[in-house]
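Quick one: structure below, then a few questions.
The values are calculated or read from the model by the stated rules, or taken from the named source; none is laboratory data. Model, not experiment: these values are computed from the prediction. Here the Cβ is made from the backbone with ideal geometry for all residues, glycine too, and neighbour counts use every protein chain on show.
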Amino acid sequence: MHSSSLQNIWLVARREYLERVRAKSFLVMTILIPALMGTLVLGSALINRSLGSASHLAIVTDDAQFATNLQTEMISGDGAKPKLDVYSPSEPGIRAQLDAQLKAKDGTLDGYLVATPPSPASPRGAYEWVPKSKADVITKARIEDGIRGALTRETLARSGMGAAEVNSLLAPIQLKTDSSGGGSGAAFGSAYGMFFLMYFVILFYGMNVARSIIEEKTSRVFEVLLATMKPSDMLAGKVIGVGAVGLTQVGIWIALAVAAVESQLVGSNVHILPSAGQAALFVVFFLLGYLLYSSIAAALGAMTNSEQELQQMQIFLMLPLISCTVVIFNVVTNPDGPIAKIFSFIPFTTPLIMYTRVIVGKPGALAVGGSIVEMAVTIAIVLWFASRIYRVGILMYGKKPNLPEIVRWLKYS
């Protein structure tokens, strides 16, 4: 490559980088997204912690011991108990009263359980759950688990076991895990966090390349630039400049995340952040994924004339990324399974899926290296097509090209 081409690429990349970094939207997004994510995580934690602790339930039964056992079984992990009112089924109109409480706008009752004693036809008894909200599947599941535990307690007590023995036998088991790597929960959270970070940045900045091309086509800036440089130099500079903006923003987010996490784990032996090797591979797979998708986005931008047309074509860019979100849970839980292996070697899903496998599993140096080589070859092929579409499409206005016209563009020397 001639020095003039390198200089042109540098000038375009520098312009694209500075133009975006100096924009107010860059500062807003850099600060706003971590703030929103932190608020979302904190809010979810608070909501999950409060589940069950503020529940107000009622049980209609003549068996006071069963009601006590049920409440014992429904104690949440932090020791919070739901409020449980016990009523006798012989009390006149009790179900009508409870139904009225469920329908009341200012009512606090979340649901009630009607427990029918065991009979020859139903040895374990019959149980009817009436919730305030039919969509409250969490409380329903806790009630089912509570009933199962309460019946177990009753059976053990009738067999002659004392209360202390029953409590000891049914006490939750605490599984010990290797905390040097943060445990399974930390690996799960780290994998998901890095996955969606890479997903968002690749999609967002890849589409930024396409939008930039459409803006410059509309303003006819290309016609001035083409007088001094080749279309391939413009494409390379645009891709490098926008990609550098993405890396800058990701670097800031990761630095903020490291500072926040480390401040919470001072003095502990828990490490949930990626290792140096994993961080290096994140940069590698991010760059490969960005180069692949931004090249496709550049071709789409060159073929379209407006944001509306680009949105119609955007589905071709999003489908592989959407397929990654469909299989991500399977990959995290079974990183060496057939689905994980297949998707980690499909070039358009390799950056996200292979890196996820690196976080939660050990795919091996050969597999990782092979996926990187495969990505590099795919990028070279896609860039070859994209550059030929780009050099013709940037000067085409008004009419969206059809497939035969695009094929003719590829044949131009």
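Check off (1) within 20 Å of the chain's Cα centre (by Cα); (2) at pLDDT 70 or above for V261 and give me the number that stays unchecked.
(2)
Return the pair list, or none, for Cβ contacts closer than 8 Å from residues in the stretch 158-187 that are farther than 19 Å from E73 by Cα to residues that are surrounded by 10 or more Cβ atoms within 10 Å (Cβ to Cβ) and at pLDDT 80 or above, at least 6 apart or on different chains.
Listed by first residue and then by second, the contacts come to A187/I359; A187/V360.
Is one or more of the residues making up the stretch 319-327 in contact with a helix residue (DSSP H, G or I) (Cβ under 8 Å, 6 or more places away or on another chain) and over 22 Å from L287 (Cβ atoms)? Please lay out each step first, then the result.
If we filter the stretch 319-327 for residues that are in contact with a helix residue (DSSP H, G or I) (Cβ under 8 Å, 6 or more places away or on another chain), which is where we start, we get 321, 323-325, 327.
Within this subset, residues satisfying the condition of being over 22 Å from L287 (Cβ atoms) are 327.
Scanning the stretch 319-327, I find at least one residue that is in contact with a helix residue (DSSP H, G or I) (Cβ under 8 Å, 6 or more places away or on another chain) and over 22 Å from L287 (Cβ atoms), so the answer is yes.
Can I ask one more? Any idea how many residues of the stretch 148-189 are modelled with pLDDT of 75 or more and assigned to a helix (DSSP H, G or I)?
Of all residues in the stretch 148-189, those modelled with pLDDT of 75 or more come to 148-171.
After this cut, where a residue has to be assigned to a helix (DSSP H, G or I) as well, the list is 148-158, 163-170.
Summing the residues that are modelled with pLDDT of 75 or more and assigned to a helix (DSSP H, G or I) in the stretch 148-189 gives 19.
Going through the stretch 297-312 one residue at a time, which ones are assigned to a helix (DSSP H, G or I), in contact (Cβ under 8 Å) with a residue 40 or more places away in the chain and surrounded by fewer than 20 Cβ atoms within 10 Å (Cβ to Cβ)? Let's see the steps before the verdict.
Within the stretch 297-312, the subset assigned to a helix (DSSP H, G or I) is 297-303, 307-312.
Now narrow it down to the ones that are in contact (Cβ under 8 Å) with a residue 40 or more places away in the chain: 297-303, 307, 309-310.
If the condition is that a residue be assigned to a helix (DSSP H, G or I), in contact (Cβ under 8 Å) with a residue 40 or more places away in the chain and surrounded by fewer than 20 Cβ atoms within 10 Å (Cβ to Cβ), then E307, E309 are the ones that fit.
Next question, about the same structure. Hey, can you tell me all the residues within the stretch 116-145 that are closer than 22 Å to A104 by Cα and either within 27 Å of the chain's Cα centre (by Cα) or among the β-branched types (V, I, T) (or both)? Before the answer, list the steps.
Going through the stretch 116-145, the residues closer than 22 Å to A104 by Cα turn out to be 128-140.
Result: V130, A135, D136, V137, I138, T139, K140.
Another one. Go through the stretch 325-336 and give me each residue that's surrounded by fewer than 17 Cβ atoms within 10 Å (Cβ to Cβ) and assigned to a helix (DSSP H, G or I).
Within the stretch 325-336, the first condition is being surrounded by fewer than 17 Cβ atoms within 10 Å (Cβ to Cβ), and the residues that meet it are 325-326, 329-330, 333-334, 336.
Scanning the stretch 325-336 gives T325, V326, F329, N330, T333.
A quick yes/no check of all residues on (1) touching a helix residue (DSSP H, G or I) at 6+ places or on another chain (Cβ under 9 Å); (2) modelled with pLDDT under 75; (3) among the charged types (D, E, K, R):
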position	(1), (2), (3)
T218	no, yes, no
T228	yes, yes, no
P231	yes, yes, no
Q249	yes, no, no
A255	no, no, no
G289	yes, no, no
S295	yes, no, no
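With the condition kept exactly as written, say whether any residue in the stretch 23-46 is under 19 Å from L247 (Cα atoms) and either modelled with pLDDT of 85 or more or aromatic (F, W, Y) (or both).
Checked against the condition, which is being under 19 Å from L247 (Cα atoms) and either modelled with pLDDT of 85 or more or aromatic (F, W, Y) (or both), the stretch 23-46 yields at least one hit.
So, one more: Six or more apart or on different chains, Cβ atoms under 9 Å: show the pairs whose first residue is in the stretch 229-256 and surrounded by fewer than 22 Cβ atoms within 10 Å (Cβ to Cβ) and whose second is among the hydrophobic types (A, V, I, L, M, F, W, C) and outside any helix (DSSP H, G or I).
What qualifies is P231/I394; P231/L395; I254/L273.
Every residue in the stretch 108-136 that is in contact with a Pro (Cβ under 9 Å, 6 or more places away or on another chain), among the aliphatic types (A, V, I, L, M) and without any contact (Cβ under 8 Å) to a residue 40 or more places away in the chain, please. Steps first, answer last, please.
Filtering the stretch 108-136 for residues in contact with a Pro (Cβ under 9 Å, 6 or more places away or on another chain) gives 110-112, 114-116, 124-126.
Retained after the next criterion (residues that are among the aliphatic types (A, V, I, L, M)): 114-115, 126.
Within the stretch 108-136, just A126 meets the criteria.
Which condition number does D62 fail, the rest of (1) modelled with pLDDT of 85 or more; (2) closer than 19 Å to I147 by Cβ; (3) not in a loop (DSSP other than H, G, I, E, B) being met?
Only one criterion in (1) modelled with pLDDT of 85 or more; (2) closer than 19 Å to I147 by Cβ; (3) not in a loop (DSSP other than H, G, I, E, B) is unmet by D62, namely (3).
Within the group I339, I322, I315, I353, which residue is β-branched (V, I, T), buried (at least 19 other Cβ atoms within 10 Å of the Cβ) and under 20 Å from the mean Cα position of the chain (by Cα)? Let's see the steps before the verdict.
Details: I339 fails: buried (at least 19 other Cβ atoms within 10 Å of the Cβ); I322 fails: buried (at least 19 other Cβ atoms within 10 Å of the Cβ); I315 fails: buried (at least 19 other Cβ atoms within 10 Å of the Cβ).
Just one listed residue meets the conditions, I353.
I389: farther than 26 Å from A279 by Cα and either outside any helix (DSSP H, G or I) or in contact (Cβ under 8 Å) with a residue 40 or more places away in the chain (or both), yes or no? It would help to see each step written out before you state the result.
Numbers: farther than 26 Å from A279 by Cα: yes; either outside any helix (DSSP H, G or I) or in contact (Cβ under 8 Å) with a residue 40 or more places away in the chain (or both): yes.
Yes, satisfied.
Just for the stretch 4-37: of the residues that are under 28 Å from A259 (Cα atoms) and not aliphatic (A, V, I, L, M), which one is surrounded by the most Cβ atoms within 10 Å (Cβ to Cβ)?
Only one residue tops the list, namely R20.
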